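> Sharing a structure below in structure tokens format, with a few things to ask.
The values are calculated or read from the model by the stated rules, or taken from the named source; none is laboratory data. Small disclaimer: the values here were computed from a predicted structure and weren't measured. Here the Cβ is made from the backbone with ideal geometry for all residues, glycine too, and neighbour counts use every protein chain on show.
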Amino acid sequence: MENSLASAIISGKIEPGTLVSVPALAVQFGVSATPVREAMLNLEKRGFVESVKNKGFRITKVSARDLDEIVQLRRWLEAPAMRIVAERLRGVPLDSYRNMAERIVTAAADAEFEDYLAADSEFHLALLRLTGNERLVELVAELRKQTRMVGLANLIHGEELKRSAQEHHELLDLLADGQGVAADKLMVRHIGHVLGWWAGKPEDDDTGKIDEAR
């Protein structure tokens, strides 16, 4: 239940500032009130919602500065790590990673946001584990939990979601070929979608940077 609600919040299906009640969510998700209440209390601890006396919970907003800082940290941590991963993956069978990447592509095509976010997290954290640094994996996992992609739900039938999903296969191609520098650059662009496509803003595909007009 908690993962379903978190995915709805992260993807923007439940927009920031929205006031929600436990009974209404229970009806929406077809479950009893108890697991919903427990999930909301846990999400409150994670900063996803704040309680409103006698009314329910309000979905919290992540400021533009917060999101910028989260993306910056993820780029510093995840992108350079791809150079190490490229060394570890050269000549190694990629079947399991290809399957993970394909689950992301399928979830994007089906607009299944919970599946998309779960598969995306599984894929990237699995690659980071190849560095042998579990603290790195834990840090990135926590940053991903704090990330909001509030425009994701608006891209149900958009090409951006499919293009982003396909980048996971492109990343594997580069890693398998030992192209760590190129994989680093691709990750910078890929993480940048949080500030670009997911926020409804243009991106510069040549540099992987968000358009300065944002």
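Yes or no, residue by residue, for (1) over 16 Å from His193 (Cβ atoms); (2) buried (at least 16 other Cβ atoms within 10 Å of the Cβ); (3) touching a helix residue (DSSP H, G or I) at 6+ places or on another chain (Cβ under 7 Å):
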| site | (1), (2), (3) |
| --- | --- |
| Glu44 | yes, no, no |
| Arg65 | yes, no, no |
| Glu78 | no, yes, yes |
| Asn99 | yes, no, no |
| Leu127 | yes, yes, yes |
| Leu136 | yes, yes, yes |
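> Return the pairs, sorted by first residue and then second, in which the second residue is not hydrophobic (A, V, I, L, M, F, W, C), the first residue lies in segment 41-53 and is on the phi > 0 side of the Ramachandran plot, the beta carbons are less than 7 Å apart, and the residues are 6+ apart or on different chains.
Pairs that qualify, where the first residue is on the phi > 0 side of the Ramachandran plot and the partner is not hydrophobic (A, V, I, L, M, F, W, C), are Gly47/Thr60.
> Taking Glu87 as meeting all but one of (1) outside the structural domain of Ala6 (by TED's automatic domain parsing); (2) crowded, with 17+ Cβ neighbours inside 10 Å, write down the number of the exception.
Failed condition: (2).
> Okay, next question. Answer yes or no as to whether Val31 is over 18 Å from the mean Cα position of the chain (by Cα) and either outside any helix (DSSP H, G or I) or in the same structural domain as Glu142 (by TED's automatic domain parsing) (or both).
When the stated conditions are applied, Val31 passes them.
> Residues of segment 93-133 being of a type in the set (A, V, I, L, M, F, W, C) and touching a Ser or Thr at 6+ places or on another chain (Cβ under 6 Å), which ones?
Phe113, Leu117
> Moving on to the next point. Based on what the data block shows, is Leu41 modelled with pLDDT of 90 or more, among the aliphatic types (A, V, I, L, M) and farther than 26 Å from Thr131 by Cβ?
So Leu41 passes the test.
> Run Ile9 past the list (1) out of contact with any Lys or Arg (no Cβ under 8 Å at 6 or more places or on another chain); (2) not assigned by TED's automatic domain parsing to the domain that holds Ala176 and report the number of the one that doesn't hold.
The one condition Ile9 does not meet is (1).
> Further question on the same structure: Quick test of your reading of the structure: His157 fulfils all but one of (1) within 24 Å of Val62 (Cβ to Cβ); (2) modelled with pLDDT under 80. Name the failing condition by number.
(1)
> Residue by residue through segment 53-63, note down the ones that are more than 23 Å from Tyr116 (Cα to Cα) and surrounded by 13 or more Cβ atoms within 10 Å (Cβ to Cβ).
Correct list: Gly56, Phe57, Arg58.
> With the structure loaded, tell me whether Ala141 is assigned by TED's automatic domain parsing to the domain that holds Glu170 and either closer than 30 Å to Val22 by Cα or among the hydrophobic types (A, V, I, L, M, F, W, C) (or both) or whether it fails that test.
Answer is yes for this residue.
> Same structure, new question: Test each condition in (1) surrounded by fewer than 19 Cβ atoms within 10 Å (Cβ to Cβ); (2) under 26 Å from Val188 (Cβ atoms) for Met82 and report the one that comes out false.
Only one criterion in (1) surrounded by fewer than 19 Cβ atoms within 10 Å (Cβ to Cβ); (2) under 26 Å from Val188 (Cβ atoms) is unmet by Met82, namely (1).
> Give the residue that is nearest to Lys145 (Cα to Cα), with candidates limited to residues of segment 14-34 that are crowded, with 17+ Cβ neighbours inside 10 Å and not β-branched (Val, Ile, Thr).
Leu25
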